Amino acid sequence: MPRKADARLEGRILDAAYRMWSKRGEHALTMRAVALASGTTTPTLYERFSNKDDLLSLLRCRARLNLFAAIKPSRTPAQICRRVLDFFAAHPSDYRLITEDWAIAFARKEHMPSFEFLKRRLAAQLGGEPDQQTPLALALVALLHGTATFLHSVDIHKKISRDFRHACTSACEALLHAASAKAARSKRLPHGRPQALHNR
């Protein structure tokens, strides 16, 4: 009888690649080394992944899904921001995978579940369509990304780390508060200009 395909092999391969990438970086991620670490052969690995870029692409997709799973319980944009920062702080390897090609992925309009989720939550709070919230969503991402980059760049004191995380979440909340106030003013204003202004 022919051997049954190992349904868990791809998972083992990705787990092995993730461990190697996390410990030694992309230069250590050779197809031969991944095959050995995952308990398979190099030809079998090439049957599933054409090259190292394919492996990295799937690792990035998995990291994006991990982030989405972490923020999915959030009911408000402010909760999303706090959970994103917590996730990035707790999972530096996923953070690097997500952000290293984020600008390219955004330009290519690749599926980014967490970013789309943030836009939907912003639209639910502020009104309008999710795509109308893209500028605000980008501003929030920039704050979170910048803070996470700083926190991972050096071995900083825990108090400084807490201070920067607090400053970041406060800045996100300030942006959200300003956007809410602007949305409320917009709803109160008439769609046309007042007649008195036309007569001046």
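The values are calculated or read from the model by the stated rules, or taken from the named source; none is laboratory data. Please read all numbers here as calculations on a predicted model, not as lab measurements. Quick reminder, even Gly has a Cβ in these numbers, built from the backbone with ideal geometry, and neighbours come from all protein chains shown. Surface areas here come from the heavy atoms of the whole protein model, side chains and all, with no ligands, DNA or RNA. Shrake-Rupley method; radii C 1.70, N 1.55, O 1.52, S 1.80 Å.
Structural remarks
- Just so you know, in the stretch 10-55 the residues that are of a type in the set (S, T, N, Q) and not in a helix (DSSP H, G or I) include one that is farthest from residue 91 (Cα to Cα), and it is 41.
- When the stretch 150-173 is limited to residues that are more than 19 Å from the chain's Cα centre (by Cα), open to solvent by less than 60 Å² (accessible area, probe 1.4 Å) and not hydroxyl-bearing (Ser, Thr, Tyr), the one that is farthest from residue 84 (Cα to Cα) turns out to be 156.
- Lone unmet requirement of (1) of a type in the set (Asp, Glu); (2) open to solvent by less than 60 Å² (accessible area, probe 1.4 Å); (3) farther than 24 Å from residue 135 by Cβ for residue 86: (2)
- Residue list for the stretch 114-149, restricted to those being under 13 Å from residue 84 (Cα atoms) and of a type outside the set (S, T, N, Q): 115, 117, 118, 137, 140, 141, 142, 143, 144, 145, 146, 148
- Residue, farthest from residue 165 (Cα to Cα), within the stretch 101-127, restricted to residues that are free of Cβ contacts under 8 Å to residues at least 40 places away in the same chain and acidic (Asp, Glu): 110
- Selection count, the stretch 128-172, where residues are among the acidic types (Asp, Glu) and assigned to a helix (DSSP H, G or I): 2
- Per the conditions (1) open to solvent by 20 Å² or more (accessible area, probe 1.4 Å); (2) of a type in the set (Asp, Glu); (3) in a helix (DSSP H, G or I), the sole criterion not satisfied by residue 110 is (3).
- Of all the numbered requirements in (1) of a type in the set (D, E, K, R); (2) free of Cβ contacts under 8 Å to residues at least 60 places away in the same chain; (3) farther than 20 Å from residue 101 by Cβ, residue 82 misses one, and that requirement is (2).
- Only a single item in (1) small (Gly, Ala, Ser); (2) farther than 30 Å from residue 19 by Cβ; (3) at pLDDT 95 or above; (4) not in a helix (DSSP H, G or I) is not met by residue 74, and it is number (2).
- For the stretch 123-149, taking the residues that are surrounded by fewer than 16 Cβ atoms within 10 Å (Cβ to Cβ) and hydrophobic (A, V, I, L, M, F, W, C), the one that is farthest from residue 99 (Cα to Cα) is identified as 124.
Yes/no matrix, rows are residues, columns are (1) under 28 Å from residue 113 (Cα atoms); (2) surrounded by fewer than 18 Cβ atoms within 10 Å (Cβ to Cβ):
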position: 38; (1), (2): no, no
position: 46; (1), (2): no, yes
position: 55; (1), (2): yes, no
position: 70; (1), (2): yes, no
position: 75; (1), (2): yes, yes
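- Qualifying residue in the stretch 183-199 (condition: more than 22 Å from the chain's Cα centre (by Cα), at pLDDT 85 or above and not small (Gly, Ala, Ser)): yes
Yes/no per residue for (1) farther than 17 Å from residue 180 by Cα; (2) of a type in the set (Lys, Arg); (3) out of contact with any helix residue (DSSP H, G or I) (no Cβ under 9 Å at 6 or more places or on another chain):
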residue: 96; (1), (2), (3): yes, yes, no
residue: 107; (1), (2), (3): yes, no, yes
residue: 132; (1), (2), (3): no, no, no
residue: 150; (1), (2), (3): yes, no, no
residue: 153; (1), (2), (3): yes, no, yes
residue: 163; (1), (2), (3): yes, no, yes
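- Verdict on residue 59 being surrounded by 15 or more Cβ atoms within 10 Å (Cβ to Cβ) and closer than 14 Å to residue 93 by Cα: yes
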